[in-house]
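Here's the structure we're looking at; comments come further down.
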Amino acid sequence: KRPASAIGRAPPAKGRPPPEGAPAKEATAERAASGLPARGRQPKAAAKRGPNRQQQDRRFAEITAELSGPAAGMVAAMLPAALGCYREERHGYMASIVEMAEGMLQQREAELGKAVEETKAALAEAEASEKQLEKSVAEAESRAQAKDRETHAKKLALADVARGYKALKEAVDALDAKSADMEQLAASVQHDISRLAALESSCVKPIIEGGQDEAASKEAVEEVCKALVELEGFDPSLLAAFPEAASKGPGQRGTFDVTILTQLHGEFIKRIDALQEQANGGEATRAEAARAAEAEKADAQAARQRQLEAAREYKAAKAAWDTEIAAGAAARKALKGNGANRRKASTEAHVAEQRLQSFRDGPLNEFLTLRDRAAPPLVDEAAPGPAEQVVEP
């Protein structure tokens, strides 16, 4: 309620001086001008809104997670209390805890930095190895190509020598077959000579000379007729007249009979001489053929040795080519494996750098901020604001 004296009067407007009798502010203004606090009030520290408890716990957890060493557990347990107060308010034990934590974090930073250097060194080594392996692959492929050309040349040379040896071997086989035929022919001629000579001495000559009994004479005639049938080239009329002439004794034979027997005997002698001449000529031919066959065999043997030598050279070249092929495959495999190692080393180096940077931007930065946190300056809540303007009514 308004006092009775104020009834009927309008309330004072804003900005106007209070009515008479209101408490004056001159004493308060004078104390503020002189730098003294208001009566009955003490100075307070300026209010500063800090992080909430959950954020503080998270920050301390990030810091203490990086601590290591025998005293890490103790330092982790005491560090929140030591960092929770201002730098000026820490006592000696808290300062030693902060100092120990700082040493552990510096050691952790050094370990992460060392990991970065090691991963970078591994990456540099992998990159250098990759260049060397690429060079090794190129050299192995070049050597393999050279060995391939050499192997192909050795193969062609082996094929030429093999064809030459085959031709000589066929010639030797042909000469051997010819020699075999000549030997067979010589044996046949010698058999005919022996047979005709035996007939001439044991049958024809006794028939002409006579003196045989009838049975022996008859058997001799049959043998001679049988031989005349088997042997080619005898006159058929001579073969037909011989049995009758041979059946007569020497005193009973006429001129025709004597002529038949003489001609028959001469034919035997002629055949034997011809066969003997053929045998003698065949022997010379066989000897010449044998000499030619021996020469061909010597050439074939030499060609065989050349073929074996060419085969050994081709085999050695093929083995060297296979070795270079295997070396190239091993070099490519090593290059592929080194590529995987290089990519792994690159990833590890990137991860190590990120971990170091995250450590510096996160736990280390938080620790340094809390370590150097100082108390805010004191302020007076009763300090006067700007002078109020007095508006005259």
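Residue by residue, here is whether (1) open to solvent by 60 Å² or more (accessible area, probe 1.4 Å); (2) part of a helix (DSSP H, G or I); (3) modelled with pLDDT of 90 or more holds:
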{"position": "ILE325", "(1), (2), (3)": "yes, yes, yes"}
{"position": "GLY328", "(1), (2), (3)": "no, yes, yes"}
{"position": "LYS344", "(1), (2), (3)": "yes, yes, yes"}
{"position": "GLN357", "(1), (2), (3)": "yes, yes, yes"}
{"position": "ARG373", "(1), (2), (3)": "yes, no, no"}
{"position": "PRO384", "(1), (2), (3)": "yes, no, no"}
{"position": "GLU388", "(1), (2), (3)": "yes, no, no"}
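Please tell me if PHE268 is assigned to a helix (DSSP H, G or I), of a type in the set (Phe, Trp, Tyr), touching a Cys at 6+ places or on another chain (Cβ under 9 Å) and over 30 Å from ALA174 (Cα atoms).
In short, no.
With the structure loaded, tell me whether GLU348 is among the charged types (D, E, K, R), in a helix (DSSP H, G or I), farther than 30 Å from LYS155 by Cα and open to solvent by 70 Å² or more (accessible area, probe 1.4 Å) or whether it fails that test.
In short, yes.
Condition check ((1) under 16 Å from PRO206 (Cβ atoms); (2) loosely packed, with under 12 Cβ neighbours inside 10 Å; (3) in contact (Cβ under 8 Å) with a residue 60 or more places away in the chain) across all residues:
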position	(1), (2), (3)
SER247	yes, no, no
THR259	no, no, no
THR262	yes, no, no
HIS265	yes, no, yes
PHE268	yes, no, yes
LEU275	no, no, yes
ALA279	no, no, yes
THR285	no, no, yes
ALA289	no, no, yes
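Which is under 30 Å from SER136 (Cα atoms), modelled with pLDDT of 80 or more and assigned to a helix (DSSP H, G or I), of ALA289, ALA303, ALA319, ALA295?
Just one listed residue meets the conditions, ALA319.
Going by the conditions given, is ASP235 at pLDDT 70 or above, closer than 27 Å to ALA274 by Cβ and loosely packed, with under 15 Cβ neighbours inside 10 Å?
It is true that ASP235 is at pLDDT 70 or above, closer than 27 Å to ALA274 by Cβ and loosely packed, with under 15 Cβ neighbours inside 10 Å.
So, GLN190, is that one without any contact (Cβ under 8 Å) to a residue 60 or more places away in the chain and in a helix (DSSP H, G or I) or not?
Against the criterion (without any contact (Cβ under 8 Å) to a residue 60 or more places away in the chain and in a helix (DSSP H, G or I)), GLN190 does not qualify.
In the list ALA146, ALA61, ALA153, which residue meets the criterion of being modelled with pLDDT under 90 and part of a helix (DSSP H, G or I)?
None of the others qualify; the one that does is ALA61.
Scan (1) loosely packed, with under 12 Cβ neighbours inside 10 Å; (2) modelled with pLDDT of 90 or more; (3) more than 30 Å from ARG342 (Cα to Cα) for the single condition ILE97 breaks and write down its number.
Checking ILE97 against (1) loosely packed, with under 12 Cβ neighbours inside 10 Å; (2) modelled with pLDDT of 90 or more; (3) more than 30 Å from ARG342 (Cα to Cα), the one that fails is (1).
Starting from the stretch 364-390, take each residue that is within 30 Å of ARG87 (Cβ to Cβ) and list its partners that are among the hydrophobic types (A, V, I, L, M, F, W, C) and at pLDDT 90 or above, counting only C-beta distances under 6 angstrom and pairs at least six apart or across chains.
LEU364/LEU105; PHE367/LEU105; ARG371/VAL98
In the stretch 312-320, is there at least one residue being of a type in the set (Asp, Glu) and open to solvent by 80 Å² or more (accessible area, probe 1.4 Å)?
No: the stretch 312-320 contains no residue that is of a type in the set (Asp, Glu) and open to solvent by 80 Å² or more (accessible area, probe 1.4 Å).
Taking the stretch 291-311, which residues are closer than 30 Å to GLN184 by Cβ and open to solvent by 70 Å² or more (accessible area, probe 1.4 Å)?
The answer is ARG291, GLU294, LYS297, ASP299, GLN301, ARG304.
State whether the residues of the stretch 111-121 include one that is open to solvent by less than 60 Å² (accessible area, probe 1.4 Å) and basic (Lys, Arg).
no
Condition first: open to solvent by 50 Å² or more (accessible area, probe 1.4 Å) and within 15 Å of LEU364 (Cβ to Cβ). Now tell me which residues in the stretch 50-82 satisfy that.
ALA61, GLU62, ALA65
The values are calculated or read from the model by the stated rules, or taken from the named source; none is laboratory data. These numbers come from a predicted model, not from an experiment. All Cβ positions, even for glycine, are placed from backbone atoms using ideal geometry, and neighbour counts span all protein chains on display. Accessible surface areas use protein heavy atoms only, side chains included; no ligands, DNA or RNA. Shrake-Rupley method; radii C 1.70, N 1.55, O 1.52, S 1.80 Å.
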